[in-house]
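So the structure is just underneath, and the comments pick up after that.
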Amino acid sequence: MSRPDRFDLVAAIVLFLVALLWSLPSFALQPLDTFVASARQKNPDALEAAANFAQQRAQAEAALGRVLPGVSAHGDYTRNQYVTTFQIDPTSPVFTLVPKYQWDGSATLTVPLIDAAGWSRLASARTGAGSSGHQLDSTRLQVEAQVAQDYYQLVADLALAAAARQALDVSRENLRLSENRVGAGVAPIIDVDRARADVESQTQQVAAADLLVALAARALESSSDIPPDVSETTPLADDLHAEPPLSAFDGAVSRRPSVAAAAESTRAAEQQAGAQKLALLPSLNGTVAERGTSAPGFVGHNWTWQWALNLNWSLDLTNHANIRSQDAAADAARARELRARLIARDGIHRQWETVAASIARSRSARAGRSAAAHAAEQARERYQAGTITQLELLQAQRDAFSAEVARIQADADLVNARAQLRLAAGTSLFKSQETVQ
């Protein structure tokens, strides 16, 4: 192979590697769904709500066990110091009253036959478990809301840090330009001092922006248990479309997990109040017992059985007081349900209005950013031409940076407001939303 051909082959390989490396995906902040999925499983609030749900389900099973038949067993082994026997006459058998070694065992089957209060308490426990399940869903939505807030704030802080670095580059270029103009004798030496001071000011802005990024990243990691990748900025995109009318979200109030949980809690309290009234009625239980002993005594049989019916009926002043207490608890539950509905309705209204205001704010911020950027570019050209002072240039650049910061925060607030509106309406941001069983 000739040298030119070898050179062409090497060049082709180099170009291929460059194209391959250029096409490799770059690292960037993970999507919101990744943080939401992790937070639903690992956030402390979600873990606590899941544990409360499991506890309520266990208590419902315990209430079921109290109205179902149950078996109990008991056993004893006894060693006595002295043996006691009894014989009526020399021809009669000897009865052992206290043997030296004795064992006794019994097994009893208890069957609740009539227990209206217990059945009502079982229904209340099951309803309470359902309320706890809805509360778990509500807590997960609250966790998602916090994660979304932290996520979009981190996105805004990353963009702010990038804008601060860009402004720092512009300030350094202004310093170079001022030094050239002073060297050429067309600008006073004070322009260099001002430009250097502006560089230091922008350096402080970069440090402050980096601090915001670090704090926002830590907050997001704490709420989701996933360390975010902050090596690159994530673009904020929104087409500024309007949300559906507020009336379209009115039906979502009843579907809010917090409202459903409050409604179930009200029903459980009403069932508990009904159970307290049913406690005025008697309860009837049936028992069947089998007993075995090594010392049957006068019975003469080691194994005996027994069945019985037990009627329990209790009436005293505490019954009436407990009924009034449970009725008051049911009234309090109804008030909490009403509060939950009002909070849900107000939350949807607040987030809908926030989206509308954020759209107007973002549209204005974008227009202001464009105007300020154009003014800064014009000021730079005029300063190079010597038609404006350096103070006017610095002011235009500061206005451009402030407008960019306002645009970044406005877009981040708008995207977050849309997410918060969906969550306020009871819709999870997690694509594979789980359903509590």
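The numbers here are math on the coordinates, done by the rules we state, and not lab data. Since the model is a prediction, treat every value here as computed from it, not as a measurement. All Cβ positions, glycine included, derive from the backbone under ideal geometry; neighbour counts span all protein chains shown.
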Using a Gaussian network model of the chain with C-alpha springs under 10 Å, which one of 294, 283, 38 is most mobile by mean-square fluctuation?
294
Applying the span-like rule to the chain (DSSP H, Cα extent along axis at least 20 Å, Kyte-Doolittle mean at least -1.0) gives 3-23, 44-67, 116-183, 190-224, 257-278, 317-385, 390-424
Lys/Arg +1, Asp/Glu -1 at C-beta; the chain dipole; positive extreme among 223, 276, 403:
276
Given (1) -0.84, -1.37; (2) -1.03, -1.24; (3) -0.93, -1.30 as possible values of log10 I(q)/I(0) by the Debye sum over Cα atoms at q = 0.11, 0.14 Å⁻¹, the one from the coordinates is (2)
Prolate/oblate/rounded call for region 131-217, Cα gyration tensor, a/c under 1.5 rounded
prolate
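Where the only charges are on Cβ atoms (+1 Lys, Arg; -1 Asp, Glu), what is the dipole of the chain about its Cα centre, to the nearest 20 debye?
Working: 41 positive and 47 negative charges, 143 e Å.
Taking the Cα centre of the chain as origin, the dipole is about 680 debye.
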Using the charge dipole of region 103-156 (Lys, Arg: +1 at Cβ; Asp, Glu: -1 at Cβ; taken about the Cα centre), state which of 134, 156, 113 has its Cα farthest towards the positive end.
113
Debye calculation, C-alpha points only, no solvent: report log10 I(q)/I(0) for region 75-176 at q = 0.19, 0.25 Å⁻¹, in the same order as the q values.
-1.05, -1.20
Would you mind calculating the gained length between residue 374 and residue 317 on full extension (0.36 nm times residue separation, minus the Cα-Cα distance), in nm to one decimal?
12.1 nm
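Rounded if a/c is under 1.5, else prolate if a/b beats b/c, else oblate: with a ≥ b ≥ c from the C-alpha gyration tensor eigenvalues square-rooted, which is region 69-128?
On the way: a/c = 6.63, a/b = 3.25, b/c = 2.04.
Verdict is prolate for region 69-128.
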Please give the net charge around residue 249, taking every other residue with its beta carbon less than 14 angstrom from that of residue 249, where Lys and Arg add +1 and Asp and Glu add -1.
+3
7 Å from Cα along Cα→Cβ at both residue 328 and residue 402: what's the point-to-point distance in nm?
5.9 nm
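What length, rounded to one decimal in nm, is gained on full extension from residue 287 through to residue 381, with 0.36 nm per residue of separation minus their alpha-carbon distance? Before the final figure, lay out each step's value.
On the way: separation 94, 0.36 × 94 = 33.84 nm, distance 10.08 nm.
My answer for the length gained is 23.8 nm.
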Between 168, 97, 378, whose Cα lies farthest towards the positive end of the dipole of the chain when Lys and Arg beta carbons carry +1 and Asp and Glu beta carbons carry -1, centred on the Cα centre?
97
Return the calculated 222 nm mean residue ellipticity for the chain, to the nearest 500 deg cm²/dmol, obtained by summing -39500 (n - 2.57) across DSSP H runs with n ≥ 4 and dividing by the residue count.
-24000 deg cm²/dmol
